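Just so it is clear, none of the values below were taken in a lab; they were calculated from the coordinates. The shown structure was predicted, so the numbers you read here are calculated from the model rather than taken from an experiment. Heads up, the Cβs are rebuilt from the backbone with ideal geometry, glycines too, and the neighbour counts pull from every protein chain shown.
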Amino acid sequence: MLRELYQVEVEKIVIEQPPEIKFGEYASPIAFELARKLRKAPRKIAEEIVAALEKVEGFAGFEVAGAGYINARLDRGAAVQAVAAGGEIEEFAEHLHSLVEHTSINPNKAAHVGHLRNAILGDTFVRLLRAAGQKVDVQNYIDNTGVQVADIVVGLMHLEGMSLESVKALMARLSARGERIDYYCWDLYARVSQWYEADEEEKHARRQVRLATLHEIERGGNEAAAVGEMVSTAVLRRHLETMLRLGIEYDLLPRESEILHLKFWDLAFEQLKSKGVLYFESEGKNKGCWVMRRAGSEAPVETDDPEAGPDEDAKVIVRSNGTVTYVGKDIAYHLWKFGLLGRDFAYRRFFAYAYHECWISAESGEAEHPHFGGAQAIYNVIDSRQSDPQANVIEALRGLGFAEQAAHYTHFSYEMVALTPRCALELGYDVPEEDRGRPYIEVSGRKGFGVKADDLIDQLVAATQKEVDERHPELDEAERRQIAKEIAVGALRYFMLKYTRNSVIAFDLRDALSFEGETGPYIQYAVVRTRSIFRKGETAADVALADVNSVDASPYLTGDEADEIWQVWLRAAKTSLLLEQCIQAAEPAYLARHAFQLAQDFSNFYRKHHILTEPDPARKTFLLATAAVTQRELIRALGWLGISAPEAM
């Protein structure tokens, strides 16, 4: 139409949402853009466009607003029928084989509250990608040969004086007493961290013990490595059990030990040298190292200028002593992820879920196994402090000529989780008086100050259980326990998801569990209300959505008082759009906010409209459909967030 009217081509027409629903559902500033080209007043152009727009299906009309905005009003009656009929999500995402790596906890102690943000973000993004039709593999990288595991081995073998056999006996005793190895290691890790620093004269010698133990674990085939393998595997199993409480599952657990022992790095090293991504530094602070330029820096330039020194900012990949840095091993790992390494793990079954199995990498394994690796897109859920290493991996991929893979590599970063002073006190921590006015208190695993994930879940369930028991004594114990668990998990997941990824979270038990405000329980309660409506009305949500086709909803959608009802339908219609936005921006918080706003819109509607006692049959049918569309879209949005909607609260 613009081509015919003005003989111009417009690459993109901006569509906005008016500040208030009374101005319409959509608005466009296109006239302002055309004004520069046509040398006309924006309002005049807007008037011409509106006059040229004939009846457009689905729209009630168009009008000019202000200095030249074009507002569009939907045919609300037709829109209601379209929204009521719609239920399936059209697959819009690229049909990629995506790999999401998340959780990736060092297997040296119990998971803590900070780990939960990583796991919940990753699991939610997996759900979003799958809802959009993508094939997604979920991986949880296990650094079982790193310094944190070495610290636990030092604690067991040097502080506790244990051998491999006595560590086995310890684990048997803990199991017999119903005690947990990950909790035992939590305390031991704090103790050994303090031991390194406790004696100034012994500090160097003790750190040498740590270094020697680390090298033994990396090399394998010795007692320290056997202790590290046994304990880290037991802790890893506990981590999977913890995450399963939140509905989080994995497909593969790739381990660093296999990356080392199967020589992944050797293959990557040859590729990196042959393509010139790595170069050997012969002078300066990195003398004797293999280095690569950092992302965003200029490539090294050959020069005869004696004043020109080496690139001191280059990233060291292989140290002068021949050991490979974390980034080097990560480059090799990501070449495998994209199917570019030329070598694969062996695999064995490790953990059984209800509907599938989780596999673990191995040096030798089972002949029949699923195919892993060879992904087309990668999302790494890793905290923001790892931005530089992640950028270096991407730079290495580009340098190797894998530009497309580098473009499909996303560092899904996030900020830390802390505690409010109130929450820290409620969890039994000693918070100095001067710290009680701070916005948050940071946790530290090395200092032993932190909230174990299972303890937090237990506290949330216990607090919820008390409330459910008081409200629903008529339900049997198993039902009450299940409801309490669903509310607790929903509260925790929503609290971790409602903040954008670049926000620091100060976790608070009371805030998370509140039935008021922007919380998981508030949204769950909106669904419970809709279920109560259909139970009392002796009908069902799907019936109500089908029945709305038999009435003309238009009379109930006009006038100022109808705007709050229309707002429910309009918000409900945007759920699939929010799915697309969350994936494009890699930001689940948008969907969390949408679910809360829809629950809020429904609450406003529910307070003012008495659905079950409405005397007009047609209006009652329409009001029931409003509750039904709310229920359908809230359950869908909550499901993508990994939150279930209990039957009662």
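Once you order the gyration tensor axes a ≥ b ≥ c over the Cα atoms, which shape class does the range 355-412 get: rounded for a/c under 1.5, otherwise prolate or oblate by comparing a/b with b/c? Walk me through the intermediate numbers first.
Working: a/c = 2.37, a/b = 1.78, b/c = 1.33.
The shape class here is prolate.
In this structure, residue 209 and residue 462 have a Cβ-Cβ separation that, at R0 = 25 Å, corresponds to a calculated FRET efficiency of about 0.05. Computed on the Cα trace of the range 495-640, the radius of gyration divided by the Kirkwood hydrodynamic radius gives Rg/Rh = 1.01.
Which whole-number percentage describes the relative contact order of the chain, with Cα contacts under 8 Å and a sequence gap of 6 or more? Please list the in-between numbers first.
On the way: 1020 pairs, mean separation 91.3, N = 649.
It comes to 14 percent, rounded to a whole number.
With kT/(6 pi eta Rh) evaluated at 20 °C and eta = 1.002 mPa s, and Rh the Kirkwood radius from Cα pairs, the chain diffuses with a coefficient of 75 µm²/s according to Stokes-Einstein. For residue 610 and residue 438, the FRET efficiency from 1/(1 + (r/R0)^6), where r spans their Cβ atoms and R0 equals 56 Å, is about 0.75. Excluding residue 596 itself, calculate the net charge of residues whose Cβ lies under 12 Å from the Cβ of residue 596, where each Lys or Arg counts +1 and each Asp or Glu counts -1. Residues close to residue 596 contribute a combined charge of 0.
Cβ crowding within 10 Å ranks 501, 385 as 385, 501, fewest other Cβ atoms first. Note the angle between two axes, namely the Cα long axis of helix 113-131 and the longest principal axis of the Cα atoms of the chain, as a number of degrees from 0 to 90, rounded to the nearest 10. Approximately 50 degrees, to the nearest ten.
Please return the longest stretch of the chain lacking exposed loop sites, where chymotrypsin sites (Phe, Trp or Tyr not before Pro) count only if DSSP places them in a loop and at most 12 other Cβ atoms lie within 10 Å.
So the longest stretch without any such site is 1-352.
Given the pairs 466/620; 22/620; 168/498; 135/574, which are separated by over 32 angstrom at their Cα positions? Numbers along the way, then the final one.
Working: 466/620 37 Å; 22/620 24 Å; 168/498 43 Å; 135/574 24 Å.
Violating the 32 Å limit, Cα to Cα: 466/620; 168/498.
Panel order for 500, 213, by other beta carbons found within 10 Å of each beta carbon, from fewest to most: 500, 213. Shown here for the range 472-512: GluC sites (Glu not before Pro) in loop regions (DSSP other than H, G, I, E, B) with at most 12 other Cβ atoms within 10 Å, namely 474.
Expected output is a single nm value to one decimal: the length gained when fully extending between residue 11 and residue 425, i.e. 0.36 nm times separation in residues minus the C-alpha distance. What is it?
Numbers: separation 414, 0.36 × 414 = 149.04 nm, distance 5.72 nm.
So the extension gain works out to 143.3 nm.
Grab the other residues whose beta carbon is less than 9 angstrom from that of residue 388, score K and R as +1, D and E as -1, and report the net.
Numbers: positive: 294, 315, 385; negative: none.
Charge balance near residue 388 sits at +3.
The range 228-243 and the range 583-608 have Cα centres separated by 37 Å.
Relative to the longest principal axis of the Cα atoms of the chain, the long axis of helix 477-497 lies at roughly 80 degrees.
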